[in-house]
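K.L.:
Got a structure for you, written out below as structure tokens; questions coming shortly.
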Amino acid sequence: MTDLRNTRGRLRGGSRPPGAPGWGTGGRRRVTALACVPLIALAAVGCGRNGGGGDDAAAVKYPTRTIQLMAPAAPGGGWDSTARALQKTLTDGKLVTESVEVTNVTGAGGTLGLSQLVTKNRGDAHHLMVTGLVMIGGVLTNKSPVNLGQTTPIATLTAEQEVIVVPANSKYTTLQQLMADATANPTSINWGGGSAGGTDQILVGLLAKAAGADPKAMKYVAYSGGGESKAALLSGDLTAAVSGASEYADLVAGGQVRALAVSGAAGIDVGAGKPAPTIKESGYDVELMNWRGLVAAPDVSDGERAAIIELVDKLHASEQWKQTLAAQKWDDFYRSGDEAAAYFAQESKRITEVLTEIGLAG
């Protein structure tokens, strides 16, 4: 598994992330074991990976009706594609006999969808939501009255490299050329990507800082879904766009956009037939991976929570999900139950620190 900790201004891979005593309390940098503790709005459960074990899951039949799976963003982006991949694996793989319905709730870095899950769906185990690093930033930058600590953590699912792209007819053929202009005249570059305070804007800020520019001076346009930022880039409204690598693979393969760099530790092919260089190989000491996960509505019972986790464990182990990861070029970044809750807590603390450092929070 990849640790996405921030180390001296870099976000990079490493060992397993530290544990934390629940969601929203933060985490220590070094621990020897994951504590057995109560979780959000739930009675204390048995210690273990799934925070309750198979006995609780076996006592609850799940699902008993349609699963409502929310993508808290517009169609075409990473949350939407993750939700639809989950839907397809659950139904085509016959992991459930009930139907799975995907809905999109757009706006404010996913916090409008989060608010709906917390306030309208409380106690309903058949309401699930895709989440991730972007939502943590969205809660901070939008000063949301609700936060992820009010949901029921189920699992982390994937991690994905970011890609920086420009139109195929752009004068920029390397990241160095783009950042030279961005440093000399920040207002000359229109950056675009996902929600304010999300992974895409964090990457722009870290790039600016690594290049010696003021992150606050970067012109960044936030879009509610990947489809909108693609349209803006192709129409010429944007100089460069940032998104998950899988979201631009079709346009890179079709020759409509050019990939300048990816954000992981090693280059990957994002549609051009050869690996794109990394940001670090381009001369900027930045690494960043965008992770996505799954939560349930608050106040579900211990048995329901255990049953949902058991179902998602089966999904993760399925051959179809492995094929989906490969096809989408998503890294397997799976942990469930208590381990997921601990990771979410640590990420809430880390992203707050990063956004404060680059001037987007605090």
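The values are calculated or read from the model by the stated rules, or taken from the named source; none is laboratory data. Computed from a predicted structure; not experimentally measured. Backbone-built Cβ (ideal geometry, glycine too); neighbour counts: all protein chains shown. Side chains included, ligands, DNA and RNA excluded: accessible areas come from the protein's heavy atoms. Shrake-Rupley method; radii C 1.70, N 1.55, O 1.52, S 1.80 Å.
K.L.:
Pull out a ≥ b ≥ c, the square roots of the eigenvalues of the alpha-carbon gyration tensor of the range 101-232, then state rounded if a/c is under 1.5, prolate if not and a/b is larger than b/c, and oblate in the remaining case.
P.N.:
Because a/c hits 1.5 or more and a/b exceeds b/c, the range 101-232 counts as prolate.
K.L.:
Could you tell me whether the range 91-173 comes out rounded, prolate or oblate from its Cα gyration tensor? Rule is a ≥ b ≥ c as square roots of the eigenvalues, rounded for a/c under 1.5, then prolate if a/b exceeds b/c, otherwise oblate.
P.N.:
oblate
K.L.:
Say the dipole of the range 216-358 comes from +1 at the beta carbon of Lys and Arg and -1 at that of Asp and Glu; which of A253, L288, A307 then lies farthest toward its positive end?
P.N.:
Final value for the positive-end residue is A253.
K.L.:
While we're looking at this one, here's another question. Counting only protein heavy atoms, what percent of the accessible surface of the range 139-262 is carbon or sulfur at a 1.4 Å probe?
P.N.:
After summing per-atom areas, the C and S share lands at 50 percent.
K.L.:
Let me ask you something else. Take the residue pairs K61/K88; K171/K219; K329/K349; K209/K322; K61/K349 and return only those whose Cα atoms are more than 30 Å apart.
P.N.:
K209/K322; K61/K349
K.L.:
What's the center-to-center distance, using Cα atoms, between the range 101-170 and the range 198-221 in Å?
P.N.:
Taking the Cα centre of the range 198-221 as reference, the centre of the range 101-170 is 22 Å away.
K.L.:
Rounded to whole Å and sorted largest first, what semi-axes of the equivalent ellipsoid does the C-alpha gyration tensor of the range 64-124 yield via the square root of 5 times each eigenvalue?
P.N.:
Semi-axes from the Cα gyration tensor: 21, 16, 6 Å.
K.L.:
Based on the mean of other Cβ atoms within 10 Å per residue, sort peptides 266-273, 92-99 so the most packed one is first.
P.N.:
Descending mean neighbour count gives 266-273, 92-99.
K.L.:
Based on alpha-carbon positions alone, could you give the equivalent ellipsoid semi-axes of the range 198-262 from the gyration tensor, as √(5λ), descending, whole Å?
P.N.:
21, 13, 11
K.L.:
Counting only residues 5 or more places away or on other chains, whose amide H sits under 5 Å from the amide H of V257 once H atoms are built in the peptide plane?
P.N.:
The list, which skips near neighbours in sequence, is A168, V252.
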